[in-house]
Amino acid sequence: MRLDLNLLVAIEAIMLEKNVTRAAASLSMTQPALSNALRRAREMTGDQLFLKVADGVQPTPRMLAIWPELHRSLAVIRASIAPAHFDPRSDATSFRIAVTDSLAGEAVSAIALRLHEVAPHAKLAFSFHTNTNSLEAIERGALDCAVGMFPSLPRDIHVQGLRTDHYVCVMRADHTLRDAMDMDQFVAASHVLVTPSGIDLGVIDGWLSLHGRSRTIPVIVNHFADALRIIASSELLTCVPSAFLDGHGRNIVREYGLLAKALPFQTEKLIYKLVWHERVHSHAAHQWFRSLVESVCGLPQKTTLQNQQMISV
């Protein structure tokens, strides 16, 4: 049997996108051309490979069985023939990244502008980040790298520390706890929790559990900016990484005159990490792009507060 690698690339794209139209766009093909490739791949494998569903397609059991080795093999082939050097001024390639919400407000624009300046032919796509979704996308090959906190990582994922940070508690400037706040008052208050997934408990709750304590969380949002706007008009508290207040949250804090205070208990440092898969570890273009991301996201952060301060910058 003569093997047409183009057919494998076609079903790889469909598997990654779970949608024939999006897969065709990612390969710069027409949808009829990709549908024809899928038909030929079905004949080659003797299986439907994908079945239509409401929002696209889903893989058959046969496709799921061959996917890990197929995807790994194509990555090995691409790496083996990739140029040993990458010239950002002339080479064209595409990069896909996800950045955690507390850094995204500043990092997304900075990464995009830096890339456009030094690599004018490159393309860049950002994805919404959660620790779980980004790791799954990196494993599938739908993302090249991601910036987040990632408390645990699979063995085939590379990691590089970018910077440390810490959580602070934010409230209205005239909040009843503006002058003093101990552990009992902190847990007795009602809080806005920020979690991209909308279901997970936060880092703060993990730390509180070590003290045998828990807090009341009547509101859960996906973005830190939304949490700040909510607490600006209520007695609710929220906890955010200081990097967010130094970056994208600065304007919101200035607009509403919010107050940031140190947490009333000991916590560990947060570590922002850049992660990527083994398959792109030695790829020259991706090595270069990760250096660019590090230069943007790894810059030293100013300390937002020591014990307590009104943020009005």
Practice task
Determine if region 79-94 includes at least one residue that is surrounded by 13 or more Cβ atoms within 10 Å (Cβ to Cβ), modelled with pLDDT under 90 and aromatic (F, W, Y).
Solution key: yes
Practice task
Kindly provide the set of residues from region 146-189 that are assigned to a helix (DSSP H, G or I) and of a type in the set (G, A, S), ordered by number.
Solution key: A188
Exercise for the section: Enumerate the pairs (first residue in region 153-164 and under 14 Å from E294 (Cβ atoms); second residue anywhere and among the charged types (D, E, K, R) and part of a loop (DSSP other than H, G, I, E, B)) with beta-carbon separation below 8 Å, excluding pairs fewer than 6 apart on the same chain, so at least 6 apart or on different chains. Expected result: none
Practice task
Kindly check whether there is at least one residue in region 209-223 that is out of contact with any helix residue (DSSP H, G or I) (no Cβ under 6 Å at 6 or more places or on another chain), assigned to a loop (DSSP other than H, G, I, E, B), closer than 30 Å to S295 by Cβ and not aliphatic (A, V, I, L, M).
Solution key: yes
Practice task
Give region 224-263 a look and list any residue that's under 20 Å from L177 (Cα atoms) and part of a loop (DSSP other than H, G, I, E, B), or say none.
Solution key: A232, S233, S234, E235, L236, G257, L258, A262, L263
Problem - Sole residue being surrounded by 14 or more Cβ atoms within 10 Å (Cβ to Cβ), touching a strand residue (DSSP E or B) at 6+ places or on another chain (Cβ under 7 Å) and not hydrophobic (A, V, I, L, M, F, W, C), chosen from P241, P218, P196 - result: P241
Practice task
With respect to A107, determine if the residue is at negative phi, surrounded by 14 or more Cβ atoms within 10 Å (Cβ to Cβ) and in a strand (DSSP E or B).
Solution key: no
Exercise for the section: State whether the residues of region 251-272 include one that is buried (at least 17 other Cβ atoms within 10 Å of the Cβ), farther than 25 Å from E106 by Cα and free of Cβ contacts under 8 Å to residues at least 60 places away in the same chain. Expected result: no
Problem - region 109-127 residues that are closer than 23 Å to E17 by Cβ, paired with ones that are of a type in the set (K, R) (beta carbon under 7 Å, 6 or more apart) - result: A125/R96; S127/R96
Exercise for the section: Determine which single condition R72 fails, assuming it passes every other condition in (1) closer than 28 Å to Q287 by Cα; (2) surrounded by 17 or more Cβ atoms within 10 Å (Cβ to Cβ). Expected result: (2)
Handout entry: region 28-46 - residue that is within 30 Å of the chain's Cα centre (by Cα) and part of a helix (DSSP H, G or I) and, of those, nearest to G141 (Cα to Cα)
Key = L34
Practice task
Report yes if some residue within region 26-37 is crowded, with 19+ Cβ neighbours inside 10 Å, more than 30 Å from E294 (Cβ to Cβ), at pLDDT 90 or above and in contact with an Asp or Glu (Cβ under 9 Å, 6 or more places away or on another chain); otherwise report no.
Solution key: yes
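Yes/no matrix, rows are residues, columns are (1) under 27 Å from the mean Cα position of the chain (by Cα); (2) aliphatic (A, V, I, L, M):
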position	(1), (2)
R22	yes, no
S26	yes, no
Q48	no, no
A54	yes, yes
V57	yes, yes
T60	no, no
I81	no, yes
T93	yes, no
R96	yes, no
Problem - Subset of region 127-142 that is in a helix (DSSP H, G or I) and either modelled with pLDDT of 90 or more or within 10 Å of the chain's Cα centre (by Cα) (or both) - its residue that is nearest to R279 (Cα to Cα) - result: I138
Handout entry: Only listed residue being β-branched (V, I, T) and either closer than 25 Å to N131 by Cβ or in contact with a Phe, Trp or Tyr (Cβ under 6 Å, 6 or more places away or on another chain) (or both), chosen from V76, V99, V9
Key = V99
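Take the residues in region 128-165 that are among the basic types (K, R) and closer than 26 Å to A13 by Cα, then tell me which one is surrounded by the fewest Cβ atoms within 10 Å (Cβ to Cβ).
So the residue we want is R155.
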Practice task
Kindly indicate whether any position in region 120-142 is over 18 Å from S26 (Cα atoms), of a type in the set (D, E) and assigned by TED's automatic domain parsing to the domain that holds K18.
Solution key: no
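From the list V187, V168, exactly one residue is β-branched (V, I, T) and either under 27 Å from E255 (Cβ atoms) or touching an Asp or Glu at 6+ places or on another chain (Cβ under 7 Å) (or both). Which is it?
The unique qualifying residue is V168.
The values are calculated or read from the model by the stated rules, or taken from the named source; none is laboratory data. Just so we're clear, the structure is a prediction, and the values are computed from it rather than from any experiment. Positions of Cβ are backbone-derived with ideal geometry, glycine not excepted, and every protein chain shown enters the neighbour counts.
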